[in-house]
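The values are calculated or read from the model by the stated rules, or taken from the named source; none is laboratory data. Keep in mind that what you see is a predicted model, and the values were worked out from it rather than measured. Positions of Cβ are generated from backbone atoms using ideal geometry, with glycine treated the same way; all protein chains shown enter the neighbour counts. When the accessible area is computed, the model is the full protein with side chains, heavy atoms only, and any ligands, DNA or RNA have been set aside. Shrake-Rupley method; radii C 1.70, N 1.55, O 1.52, S 1.80 Å.
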Amino acid sequence: QTLMFSATLSREIETLTKQFQKSPKLIEVGRRSNPAETVTQLLYECPGALKQVMLHQLLKDETMNMVLVFARTKHGADRICRKLSAENIHCAAIHANRSQAQRQRALQAFKNGEIRVLVATDIASRGIDVDGISHVINFDFPDQLEDYVHRIGRTGRALAKGTAITFITKENLGDLRRLEKIIGKHLHCGKLPGFDYSQQAPARVPEDFIRERDPRAGAHRSE
């Protein structure tokens, strides 16, 4: 008889267990669709072209001292990290293209306070078990709606208070309504106070220029 314990059990792993076990039984404590009650959920309207600008404005708040940012793709995570590094914000990115050793170094630096922002994809996020994360930011809305609960659960752990911020574009509105049905709760989406929504999107800066301006960007990105 085999027992398997997990704080979170993805649908992919659950499907795999059914392939190799005969009539497996699943015992859950609490519903997967229940976000932690200690997490304050904030959803802000944000045009896709202004996401990075909004992220930078949020990070001006010094109380956001240990921030986990979720990106949809590994290339997106690298891009976010490079731009933050160019603004002298210490960060690292972890995703499927990083080796286990690189992920562990980045996580340890995050735990030690050497970096303020950790950017991750959902694939890499399963191994993030870090206490004290003050904020989770959903830079990109999750492809799998159930991952929303998993993401925001990285903060507000062990009955501590945490804050989860989600950027909502027009393309996300349909998924947002479906997410509300999953978690059984209305999620109010408003505008970020003090943010200039009328501003033009920043011109696209070549990645080589970012690396030349801040040589550390490549180092942070490779963690």
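A few remarks follow.
- Cα shape, the range 70-181, gyration tensor, a/c 1.5 rule: prolate
- Positive-end ranking of Phe141, Phe167, Thr155 along the dipole of the range 133-189, with charges on Cβ about the Cα centre, is headed by Thr155.
- Accessible area per residue for the range 37-131, computed on protein heavy atoms with a 1.4 Å probe, is 45 Å².
- Per-bin percent of Cα-Cα distances, the range 48-106 [5 Å]: 4, 17, 27, 28, 15, 8, 2
- Note that the range 180-196 has calculated 3J(HN,Hα) couplings of 4, 5, 5, 8, x, 8, 7, 10, 6, 10, x, 8, 6, x, x, 8, 7 Hz, one per residue in order, obtained from phi through the Karplus relation 6.51 cos²θ - 1.76 cosθ + 1.60 (θ = phi - 60°); glycine and proline are x.
- Applying both filters, DSSP loop and at most 10 other Cβ atoms within 10 Å, to the trypsin sites (Lys or Arg not before Pro) of the range 50-108 gives Lys60.
- The range 96-144: equivalent-ellipsoid semi-axes (sqrt of 5 x gyration tensor eigenvalues, Cα, Å): 18, 15, 9
- What you get for the range 34-109, charging only the Cβ of Lys and Arg (+1) and of Asp and Glu (-1), is a dipole of about 500 debye around the Cα centre.
- For the range 164-184 versus the range 93-159, the inter-centroid distance based on Cα atoms is 20 Å.
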